[in-house]
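Undergrad: For reference, the structure I am asking about is given below.
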Amino acid sequence: MVAVAFVAPYLLDATARFVRCVAALPGVRLGLVTSDPLERIAPELRDLLAGHWRVDDALDPRQIAAGVAGLAGQIGRVERLVGALEQLQVPLAQVREGMGIAGMDVATAMNVRDKARMKETLRAAGVPCARHALVHDPAQARAFAREVGFPLVAKPPAGAGSQATYRLDDGAALDAWLGAVPPSGDAPALLEEFLVGQEHTFDSVTLGGATVWSSIADYYPPPLDVLRNPWIQWTVVLPRDIGGPEYAGIHAVGPAALRALGVTDALTHMEWFRRPDGSVAVSEVAARPPGAQLTSMHGYAHDFDLFAAWARLVVLGDFDVPERRFAAGTAYLRGVGRGRVGAVHGVAEVNRDVGHLVVESRLPRPGQDAGSDYTGQGYVIVRDQRTEAVREALRRIITGIRVELVEAL
């Protein structure tokens, strides 16, 4: 039996699915460190747990360590310490090193979490990436802007999922950002050259330092455009064939980037650009499963369960390489206006045209809060053996469905 501690601040749907997959592994005794009290955990998930330890802050390494020590009395000495959130990777590594638990070390976790350190490591290894600067005051920010020119990207050094990320097109935008989010010695910011080109992902599994599986997705439009225009309904496509010349560069650069960062055994999510001249530049890397329905999409494209495969990888250290059998894609539905969802138009017509390709969906519901997530109020995932059929279905969805937002009275 293997005693496993899973750390999850809160059990959102995707996190709960990862927990269930770990619990389903043969010979595993699973304990959960979380901020949720036991009575708030769904009974069907609670029944899978051999141990539970509640903490106030499940991102604090000291509290995680206390939770692991507490679980040892319930499930035995913890041999694996895992979590799916990007923000957890450094705290988990710190606890592993402190308690002698196998897994990703602190140096590697820092390389894939601290964006400035990541860029420095990649550039030192000759991996192409955006020019950057970690700025601690407005003078440093303006000096970098003079050196690189506009547009620029501003983000927190340890951000995740494009959160708090801004495109700065000129000096006025830089001044506005400095006024709203002034960098300081205690809270520096990362400024980057704005990469021009087509944006993609490179999700991959590394075992023993070798890339054994990879999958590529195309963004339409790039996430920064989505963040700047909250009305845009956007798409992500997993082409069936990723062996063409347009992807040749990342098949070489992606594994090289992971080697430079020290990744040896992990599922990683990388974002990268194909510039107009065909060259490749890495944007950033995260040592965790991909978000925004990508984990599900990889499953549909390969006819397997990537949630379960991640669980086997991080707990048992093995991965069965799947065959890519389909193209898949997601359309993200976002409302026009403010407030709550008032109505959703065009669903019946779109379903008539492309409903036979839909494999998963969560449509916006009237009365639903609009929220602030760039993934919007709902999504539709489609699949087909033909990539162009997937792209056409996504175009039909985002042009045919309209989400109306209304102000609360």
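Undergrad: Please find the FRET efficiency linking ALA173 to ASP320, where r is the Cβ-Cβ separation and R0 is fixed at 35 Å, and quote it to the nearest 0.05.
TA: That gives a FRET efficiency of 0.15.
Undergrad: OK, next. For the charge dipole of region 198-406, defined by +1 on Lys and Arg C-beta atoms and -1 on Asp and Glu C-beta atoms about the Cα centroid, which residue among PRO222, PRO364, GLN385 has the Cα displaced farthest towards the positive pole?
TA: In region 198-406, that residue is PRO364.
Undergrad: Same structure, new question: By its C-alpha gyration tensor, with a ≥ b ≥ c as the square roots of the eigenvalues, how is region 327-399 shaped: rounded for a/c under 1.5, else prolate for a/b larger than b/c, else oblate?
TA: It is prolate, given that a/c is not under 1.5 and a/b is the larger ratio.
Undergrad: Still on this structure, please answer the following. So, in Å, what gap is there between the alpha-carbon centers of region 66-107 and region 27-52?
TA: 16 Å
Undergrad: Taking the Cα centre of region 198-406 as origin, sum charge times position over the Cβ atoms of Lys and Arg (+1) and Asp and Glu (-1), and report the length of that vector in debye to the nearest 20.
TA: Dipole of region 198-406, to the nearest 20 debye: 520 debye.
Undergrad: Let me ask something else about it. For region 205-220, in order, what is each residue's ³J(HN,Hα) by Karplus, 6.51 cos²θ - 1.76 cosθ + 1.60 with θ = phi - 60°, in whole Hz (x at glycine and Pro)?
TA: For region 205-220, the Karplus curve yields 10, 10, 10, x, x, 10, 6, 9, 7, 8, 8, 10, 10, 10, 8, 9 Hz.
Undergrad: Over the chain, what is the relative contact order in whole percent, taking alpha-carbon pairs under 8 Å and six or more residues apart?
TA: Numbers: 853 pairs, mean separation 53.1, N = 409.
Taking the mean separation of contacting Cα pairs over the length of the chain, I get 13 percent.
Undergrad: Kindly provide the pair-distance distribution of region 25-178 built from C-alpha pairs, with 10 Å bins from 0 and whole-percent values in order of increasing distance.
TA: Using 10 Å bins, I get a P(r) of 10, 29, 25, 18, 14, 4 for region 25-178.
Undergrad: Next question. Around ASP303, with a cut-off of 10 angstrom between Cβ atoms, what is the net charge of the other residues, counting Lys and Arg +1 and Asp and Glu -1?
TA: +1
Undergrad: List the GluC sites (Glu not before Pro) in region 321-409 that DSSP assigns to loop (not H, G, I, E or B) and whose Cβ has at most 12 other Cβ atoms within 10 Å. Which are they?
TA: Counting only loop positions with at most 12 other Cβ atoms within 10 Å, the GluC sites (Glu not before Pro) in region 321-409 are GLU323, GLU407.
Undergrad: Hey, can you grab everything whose amide H is under 5 Å from the amide H of GLY378? Only 5+ residues off in sequence or another chain; H modelled, so Pro and N-termini drop out.
TA: So GLY378 has HN proximity to LEU333.
Undergrad: Dividing the convex hull volume of the alpha carbon atoms of region 164-297 by its residue count, what do you get in Å³ per residue?
TA: On the way: hull volume 18.6 nm³, N = 134.
Measuring per residue, one finds 139 Å³ for the Cα hull of region 164-297.
Undergrad: Using Cα pairs closer than 8 Å and at least 6 residues apart in sequence, work out the relative contact order for region 92-223, in percent.
TA: Answer for region 92-223 is 22 percent.
Undergrad: Need one word for region 198-406: rounded, prolate or oblate. Basis is the Cα gyration tensor (sqrt eigenvalues a ≥ b ≥ c); a/c below 1.5 gives rounded, then a/b vs b/c decides. Don't skip to the answer; put the middle values down first.
TA: Details: a/c = 1.82, a/b = 1.73, b/c = 1.05.
Taking the square roots of the gyration eigenvalues as a ≥ b ≥ c, region 198-406 is prolate.
Undergrad: Looking at the chain, what % of its DSSP beta bridges pair antiparallel, to the nearest 5?
TA: Working: 58 of 76 bridges.
Of those bridges, close to 75 percent are antiparallel.
Undergrad: Based on DSSP H runs of at least 4 residues, each adding -39500 (n - 2.57), what is the mean residue ellipticity at 222 nm of the chain after dividing by all its residues, to the nearest 500 deg cm²/dmol?
TA: Only helices count here, giving -10000 deg cm²/dmol.
Undergrad: Follow-up. Extending each Cα 7 Å along its Cβ direction at LEU227 and ALA102, get the distance between those two points in nm, one decimal.
TA: Distance between the two pseudo-spin positions: 3.8 nm.
Undergrad: Residue separation times 0.36 nm, minus the C-alpha to C-alpha distance between ARG365 and GLU392: what's the value? Walk me through the numbers on the way to the answer.
TA: Details: separation 27, 0.36 × 27 = 9.72 nm, distance 2.48 nm.
Here the answer is 7.2 nm.
Undergrad: OK, next. Got a sec to turn the phi values of region 30-45 into Karplus ³J(HN,Hα) couplings, 6.51 cos²θ - 1.76 cosθ + 1.60 with θ = phi - 60°, whole Hz, x for Gly and Pro?
TA: 9, x, 10, 9, 7, 8, 7, x, 4, 5, 8, 7, 4, x, 5, 7
Undergrad: In debye to the nearest 20, how big a dipole does the chain give about its Cα centre with +1 on each Lys and Arg Cβ and -1 on each Asp and Glu Cβ?
TA: Computed about the Cα centre, the dipole is about 240 debye.
Undergrad: Give the share of C-alpha pairs in each 10 angstrom bin for the chain, from 0 to the last occupied bin, in whole percents, shortest bins first.
TA: P(r) over the chain, rounded to whole percents: 5, 20, 29, 29, 15, 2, 0.
Undergrad: A follow-up question, please. Within the P(r) computed for region 132-193, what percentage of the Cα pairs occupies the region above 13 Å?
TA: 55 percent
Undergrad: For ASP60 and GLN385, calculate 0.36 nm times their separation in residues minus their Cα-Cα distance, and state this gained length in nm to one decimal.
TA: Working it through step by step, the gained length comes to 112.5 nm.
Undergrad: Tell me whether region 180-226 comes out rounded, prolate or oblate; compute the Cα gyration tensor, take square roots of the eigenvalues as a ≥ b ≥ c, and use a/c under 1.5 as the rounded threshold.
TA: It is oblate, given that a/c is not under 1.5 and a/b is not larger than b/c.
Undergrad: Related question: If I histogram all Cα-Cα distances within region 2-109 using bins 5 Å wide from 0, what percent of pairs lands in each bin?
TA: Values per bin, smallest distances first: 2, 14, 27, 28, 20, 8, 1, 0.
Undergrad: By how many nm would the segment from ALA348 to SER372 grow when fully extended, if each residue of separation counts as 0.36 nm and the alpha-carbon distance is taken off?
TA: Going from the current span to full extension adds 6.0 nm.
The numbers here are math on the coordinates, done by the rules we state, and not lab data. Because the structure is a prediction, the values reported are computed rather than measured. Cβ: placed from backbone, ideal geometry, glycine included. Neighbour counts: every protein chain shown.
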